[in-house]
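S.K.: What follows is a single structure, and I will ask about it in a moment.
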């Protein structure tokens, strides 16, 4: 670990010049001149770049952040996502090194203000920050900043005057501080994940053949039973489902109406899954795009982990410590109790 307090722009861009594959930047505010320097590197080196920032009218009007910088970034093919109340400042280079500290991706943050950045290149430390960034990116798939949104906001800002105080507080983006309100009695589809569980957890993508034996009930939520006991440790919200013809999977993905970062996740899921076993059970597969709803720390599991899709309630999965029974099993037990009492 190294600590930098001076020449922060020079230090960060020196590392970016050495980048081979990917840059991830998390910064509440962005300056136009700094964004233009990043775009030049991204284009020259043909690397992927993802940015998480605020989309906040007050910041644009008061020049703390530049909406024109966002336009330049998006028009250059860089994926930019909006997160409300963002305060993190993190710069990841190729998943191998990173800077984290107080400096925004702005001229003031990197050159004028009294700021500091800590530099890490030790694998175990960088992996923690990579994990933080990757989880955040997966949660923001519905909050991609588009040219159309930028144009609408620019028109509002250009027409803004001091008499419109009520409009200055507008902020657009994901609000991850607010927990998703769900019905605890809502059904959760539980399916065996087998050897794909590590891919599901890495890419937030799941797929199964469209064929007999996979006629699962339609639900908003899903969980996965792990091998050797069927422990379920997470509930996911199903954001989107779609079929893919596996012989043409690359062109099929390109047609999907989803952000490029999510297309990459689907493609990487497929490539990594091919390393272990083929998509040979059917010509067409149903794909699920997932978002983490909650963890299940008490390791609920079925009495016997057979194949098939089962239904539980969110409440039962959260409250069970050990064995958990499906909706049908619970109804059968309740009926048995009622019959016994009625004798």
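S.K.: Taking segment 43-56, which residues are closer than 20 Å to residue 264 by Cα and crowded, with 19+ Cβ neighbours inside 10 Å?
M.R.: Once the filter is applied, which keeps residues that are closer than 20 Å to residue 264 by Cα and crowded, with 19+ Cβ neighbours inside 10 Å, segment 43-56 yields 49, 50, 51, 52.
S.K.: Identify the single condition in (1) surrounded by 15 or more Cβ atoms within 10 Å (Cβ to Cβ); (2) in contact with a helix residue (DSSP H, G or I) (Cβ under 9 Å, 6 or more places away or on another chain) that residue 20 does not satisfy, given that it satisfies every other one.
M.R.: Tallying (1) surrounded by 15 or more Cβ atoms within 10 Å (Cβ to Cβ); (2) in contact with a helix residue (DSSP H, G or I) (Cβ under 9 Å, 6 or more places away or on another chain), residue 20 fails exactly one: (1).
Yes or no, residue by residue, for (1) surrounded by 14 or more Cβ atoms within 10 Å (Cβ to Cβ); (2) outside any loop (DSSP other than H, G, I, E, B):
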{"residue": "189", "(1), (2)": "yes, yes"}
{"residue": "196", "(1), (2)": "yes, yes"}
{"residue": "201", "(1), (2)": "yes, yes"}
{"residue": "207", "(1), (2)": "yes, yes"}
{"residue": "211", "(1), (2)": "no, no"}
{"residue": "214", "(1), (2)": "yes, no"}
{"residue": "217", "(1), (2)": "no, no"}
{"residue": "224", "(1), (2)": "yes, yes"}
{"residue": "228", "(1), (2)": "no, no"}
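S.K.: From the list 84, 89, which residue is touching a residue at least 60 places away in the same chain (Cβ under 8 Å) and surrounded by fewer than 17 Cβ atoms within 10 Å (Cβ to Cβ)?
M.R.: 84
S.K.: Also, quick follow-up: Could you list, in sequence order, the residues of segment 32-56 that are outside any helix (DSSP H, G or I) and in contact (Cβ under 8 Å) with a residue 12 or more places away in the chain?
M.R.: Within segment 32-56, 47, 48, 49, 50, 51, 52, 53, 54, 55, 56 meet the criteria.
S.K.: Does segment 107-123 contain any residue that is surrounded by fewer than 16 Cβ atoms within 10 Å (Cβ to Cβ), within 23 Å of the chain's Cα centre (by Cα) and modelled with pLDDT under 95?
M.R.: Checked against the condition, which is being surrounded by fewer than 16 Cβ atoms within 10 Å (Cβ to Cβ), within 23 Å of the chain's Cα centre (by Cα) and modelled with pLDDT under 95, segment 107-123 yields at least one hit.
S.K.: Please go through segment 295-320 and give me each residue that is closer than 15 Å to residue 189 by Cβ and either at pLDDT 95 or above or surrounded by 15 or more Cβ atoms within 10 Å (Cβ to Cβ) (or both), ordered by number.
M.R.: The answer is 296, 300, 302, 309, 310, 311, 312, 313, 314, 316, 317.
S.K.: Please indicate, with yes or no, whether at least one residue in segment 255-262 is within 18 Å of the chain's Cα centre (by Cα), buried (at least 21 other Cβ atoms within 10 Å of the Cβ) and not assigned by TED's automatic domain parsing to the domain that holds residue 79.
M.R.: Yes: one or more hits.
The values are calculated or read from the model by the stated rules, or taken from the named source; none is laboratory data. In this text the structure is predicted, and so the values were computed from the model without any measurement. Because the Cβ atoms are built from the backbone with ideal geometry, glycine has one as well, and the counts that use them run over all protein chains shown.
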